[in-house]
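Everything on this sheet refers to the single structure shown next.
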Amino acid sequence: MRPGGRPGGTPGLKGGKEVRGILLALHGSKDPSWSEVAEGYRRLLSEHFELVEVGYLEYNSPSLREALEALVSKGADSIVVVPLFISLGTHLKEDLPRTLGITGGYAELNGRKVSVKIADPIGVDARVAEVLVERARSAAKSL
C-alpha cells in the first residue's frame, strides 16, 4: 500500500516524510478541448500520486505559477513538474523555469522555499509509437 492509502508506491508521498506535488505542465491553447485532455491526464496521474495539478504556459488557466501555488497551499514540500511536451526546447529550457520562478532548483512562494524539479519531456518512446501506429491504422481504414 502506498503512503496515503493508495496501492502502488512512490516514496515521499503523503504519509511519508515529505509531501510531493506533481505539476502537469502543458503549453495551452485557445481551443477549449485542450483543457479536457489536460484534465484526463490529471486524473490518470492522480491514480499514482496524491497531489496533482495542471498548469498552462499560456492561453488557459490555471497558469503554471498558479498551479505551483495550489500544490504548496495543499501542503507540498517539493514539486515535480511533468511536462506534456514531446521534446526539449525553449519552453522547457527557459520558459518553464522562468515562469515558475525556479532558481537553483527552488521556487519561493509566500516566503517559503520549495524544491522544484522539471522532469524530462516525453522524447522518443516505443509506448508513444504504439499509440501513433494505432492512430495511423485507424485513420487508414477510412481511406
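What follows is calculated from the coordinates using simple rules that are stated; it is not laboratory data. Given the structure is predicted, the values throughout are model-derived calculations rather than measurements. All Cβ positions, glycine included, derive from the backbone under ideal geometry; neighbour counts span all protein chains shown.
Nearest 10 degrees is fine. How inclined is helix 126-140 to the longest principal axis of the chain, computing both from alpha carbons? Relative to the chain, helix 126-140 is tipped by roughly 40 degrees. At an R0 of 25 angstrom, the distance between the Cβ atoms of S73 and W34 translates into a FRET efficiency of 0.50.
With a cut-off of 15 Å between beta carbons, the residues surrounding A25 carry a summed charge of -3, where Lys and Arg count +1 and Asp and Glu -1. Shown here: the stretch 20-140, whose C-alpha atoms stretch 55, 28, 26 Å along the first, second and third principal axes, sorted largest to smallest. Assuming charge only on the beta carbon of Lys and Arg (+1) and of Asp and Glu (-1), the dipole of the stretch 52-143 about its Cα centre is about 160 debye to the nearest 20. Amide H contacts of I118: V81, each under 5 Å away and 5 or more positions distant or on a separate chain (H built 1.01 Å from N in the peptide plane; Pro and chain starts excluded). Between V128 and R65, the contour length at 0.36 nm per residue exceeds the Cα-Cα span by 19.8 nm. For the stretch 91-143, the dipole from Cβ point charges (+1 on Lys and Arg, -1 on Asp and Glu) about the Cα centre works out to 100 debye, to the nearest 20.
Couplings 3J(HN,Hα) for the stretch 48-54, derived from phi with the Karplus relation 6.51 cos²θ - 1.76 cosθ + 1.60 (θ = phi - 60°), are 10, 10, 5, 10, 9, 10, 10 Hz, where x marks Gly and Pro. Since only H48, I79, L143 are under comparison, the one whose Cα sits farthest along the positive direction of the charge dipole of the chain, derived from C-beta charges on Lys, Arg, Asp and Glu, is H48.
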